[in-house]
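I have a structure I would like to understand better, so I am pasting it below and will then ask my questions one at a time.
The values are calculated or read from the model by the stated rules, or taken from the named source; none is laboratory data. Everything numeric here is computed off the predicted structure, so don't read it as measured data. All Cβ positions, even for glycine, are placed from backbone atoms using ideal geometry, and neighbour counts span all protein chains on display.
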Amino acid sequence: MDQLVTVIIVSAVLFGITLVGCYLPFLLKRDNNHLHTLIAFSGGVMLGVLFIMLLPEALHETVEAEFDFDTACYMVLAGFVLLFVIDFLVKTYLGFDEHGEDEHAHSITSLSAFSGLAIHSFFDGLALAAAFTAGEDVGLLVLVGLCLHKTVVAFSLASTMIMGENPRTAWTYLIIFSLVSPLATVASYAFLNSGEFSYTGPALCLSAGIFMFVTMCDILPEAFHHRGNDPKQLLCLLLGLAVAIIVATVSGMLMGDIH
């Protein structure tokens, strides 16, 4: 029971850290040039998160669960195509202005990013709960790694929300996102005896495919469709990528091979 209390406190800390990451983009001045520079930085972060954090973890979990790589690739493809179809249908039937920059486009981008990251956040909570079953010292190390990871990911998600949602709606989604991992952590620790789930790997591959579409087809084109600022935005993208690599390296060292 004492460790359950510790897990609840740790989950509250994770919630608070994620909210801080969500809040940071709202501190920046909201003019068009600044927003697209911010999106470029977030695009670099999301590119790093995709190829350094999400895909390797999804493939590892799939193999650990004794699925083959073909299954993993099909699930990644399924996530990508699913978002492609949804994006196509929404943009076709909601309508756009002549430049294709209607608010609906930004909204579907932010909601797609929310969907992919929320799925992955659920499994982050499972990983943290599994770590605490191995001991509080292991759990606390994993918590530090997750906090670093969450701050960067939440910052990127909030950056996309700024483009497509009014502040009140954006914060509704961001608060829900911030709650996913903490609630999953507490529920998993309280009701499950282990962190082994047969379909964890394929589910993570699906979320990676969703996240891939958001990054490649929505975030990066959004960052660079203002041609005059490309050099500055390219630098910001590379900076965001570097931040993701650093965070992935440090959090990986702290979290080890806990799944």
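I'd like the residue in the stretch 36-90 that is under 22 Å from Leu241 (Cβ atoms) and polar (S, T, N, Q) and, out of all such residues, is surrounded by the most Cβ atoms within 10 Å (Cβ to Cβ).
Here the answer is Ser42.
Residues that are acidic (Asp, Glu) and at pLDDT 75 or above: does the stretch 111-131 have at least one?
Here is the first cut: in the stretch 111-131, the residues acidic (Asp, Glu) are 124.
Still in the running and at pLDDT 75 or above: 124.
Scanning the stretch 111-131, I find at least one residue that is acidic (Asp, Glu) and at pLDDT 75 or above, so the answer is yes.
In addition: Looking for something modelled with pLDDT of 80 or more and part of a helix (DSSP H, G or I) - is there at least one such residue anywhere in the stretch 88-109?
Step one: list which residues in the stretch 88-109 are modelled with pLDDT of 80 or more, which gives none.
No, the stretch 88-109 contains no residue that is modelled with pLDDT of 80 or more and part of a helix (DSSP H, G or I).
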